[in-house]
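Enquirer: Sending over a structure as structure tokens; questions will come in a sec.
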Amino acid sequence: MDTQTPRAALVKVLTLRSQSMANDNERPIPGASVGEQFQDNARMSMRNVNIFYGEKQAIFDVSLDIGQNQVMAMIGPSGCGKSTFLRSLNRMNDTIEGCRVEGQIAMDGQNLYDEKLDVVELRARVGMVFQKPNPFPKSIYDNVAYGPKIHGLAESRVDLDEMVESSLRKASLWNEVKDRLHQPGTGLSGGQQQRLCIARAIAVNPEVILMDEPCSALDPIATAKIEELIEELSENFTIAIVTHSMQQAARVSHRTAYFHLGRLIEVNPTEQVFTMPEHELTEGYITGRFG
């Protein structure tokens, strides 16, 4: 008798499919996006977003909502624009010369590209965890305390101590580092460093956490811990994650968005995307006909 959960069975199917994937991205240019792009409880709303690097257009007319306390996975072939789109959600693309964003990106109705908006404050509200762990060359304690200090969130050392402990606990790292808080964060293992970066991101009480392939540099055990953590964090945070792993998207997300050649092809509940996709390009990608 098969005792697998539906999600575990879905992950197994995707693993088998991914083993036969071939490299063939020469597919037709798609039309309008299909699926459930919009949400009644949207935390972030993107409408008609176009992104350019100089004269080259990387994102074409993307409209999408990310719901409150939802994990949204963004998948697609390499170079399809998913990381570019993710970085636009807290204006990280502002740091790239020649990058231009058109359309509307809003959180709780506020235009995130308003000229009057404080970008430093925005990046506290919309935190970012990068592909490769990047702890500061500081102690574990100072890595987590850095954000609360510069944003004036702690009135005393006691407050700061509580914030550091709380953030490390939320990142499932406290028990592993509580006796060496003043040792360098760079001395931790890769998986621990990534969880330290997550603790650093949540220490300033963000509303949204963006994750750009947070497990790509980690071993399977560390990856499993990060995935468990994402599920726990979704109880208090809205999360958008870019991943090359369809299995990971199936394990951690509530909704999945498939990108192809800079266009949003399909957005639907994750199980539907991987079992009954609406668009032929989505089906082609998840069944391994191209990737």
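The values are calculated or read from the model by the stated rules, or taken from the named source; none is laboratory data. This one's a predicted model, so the numbers in the text were calculated from it and none came from an experiment. With ideal geometry, Cβ positions are generated from the backbone for all residues, glycine too; neighbour counts draw on all protein chains shown.
Enquirer: Which is assigned to a loop (DSSP other than H, G, I, E, B), out of contact with any Asp or Glu (no Cβ under 7 Å at 6 or more places or on another chain) and not hydrophobic (A, V, I, L, M, F, W, C), of N236, N175?
Expert: Values: N175 fails: assigned to a loop (DSSP other than H, G, I, E, B).
From the options N236, N175, the qualifying one is N236.
Enquirer: Test each condition in (1) farther than 25 Å from A203 by Cβ; (2) within 16 Å of the chain's Cα centre (by Cα); (3) in a loop (DSSP other than H, G, I, E, B) for K116 and report the one that comes out false.
Expert: Result: K116 fails condition (2) only.
Enquirer: Is it the case that some residue within region 253-265 is closer than 19 Å to M128 by Cβ and not aromatic (F, W, Y)?
Expert: Here is the first cut: in region 253-265, the residues closer than 19 Å to M128 by Cβ are 253, 257, 259.
Add one more test, that the residue is not aromatic (F, W, Y), and what stays is 253, 257.
There is at least one residue in region 253-265 that is closer than 19 Å to M128 by Cβ and not aromatic (F, W, Y).
Enquirer: Checking the conditions here, which among E207, E227, E235 is within 12 Å of the chain's Cα centre (by Cα), among the charged types (D, E, K, R) and on the phi < 0 side of the Ramachandran plot? If you could, list the steps in order and put the result at the bottom.
Expert: Details: E207 fails: within 12 Å of the chain's Cα centre (by Cα); E235 fails: within 12 Å of the chain's Cα centre (by Cα).
Criteria check complete, one pass: E227.
Enquirer: Considering each residue of region 237-246, count those that are surrounded by fewer than 19 Cβ atoms within 10 Å (Cβ to Cβ) and either of a type in the set (D, E) or at pLDDT 95 or above (or both), and give that number. Show your work before the answer.
Expert: First, pick out the residues of region 237-246 that are surrounded by fewer than 19 Cβ atoms within 10 Å (Cβ to Cβ): 244.
Now drop any that are not either of a type in the set (D, E) or at pLDDT 95 or above (or both), which leaves none.
Summing the residues that are surrounded by fewer than 19 Cβ atoms within 10 Å (Cβ to Cβ) and either of a type in the set (D, E) or at pLDDT 95 or above (or both) in region 237-246 gives 0.
Enquirer: Please go through region 193-233 and pick out each residue that is of a type in the set (A, V, I, L, M), closer than 18 Å to E176 by Cβ and part of a loop (DSSP other than H, G, I, E, B).
Expert: A203, L218, listed by residue number.
Enquirer: If a residue has to be at pLDDT 95 or above, over 12 Å from A257 (Cβ atoms) and not aliphatic (A, V, I, L, M) to count, how many in region 78-92 make the cut?
Expert: 6
Enquirer: Tally the residues that are part of a strand (DSSP E or B), touching a Gly at 6+ places or on another chain (Cβ under 6 Å) and not aliphatic (A, V, I, L, M), restricting the search to region 239-291.
Expert: Matching residues across region 239-291 total 5.
Enquirer: Name the single residue that is surrounded by the fewest Cβ atoms within 10 Å (Cβ to Cβ) among those in region 132-164 being in a helix (DSSP H, G or I) and in contact with a Lys or Arg (Cβ under 8 Å, 6 or more places away or on another chain). Walk me through it before giving the result.
Expert: Going through region 132-164, the residues in a helix (DSSP H, G or I) turn out to be 140-150, 157-164.
Add one more test, that the residue is in contact with a Lys or Arg (Cβ under 8 Å, 6 or more places away or on another chain), and what stays is 140, 143-144, 146-147, 160.
Values: I140: 28, N143: 26, V144: 32, Y146: 15, G147: 23, L160: 18.
Ranking the qualifying residues of region 132-164, first place goes to Y146.
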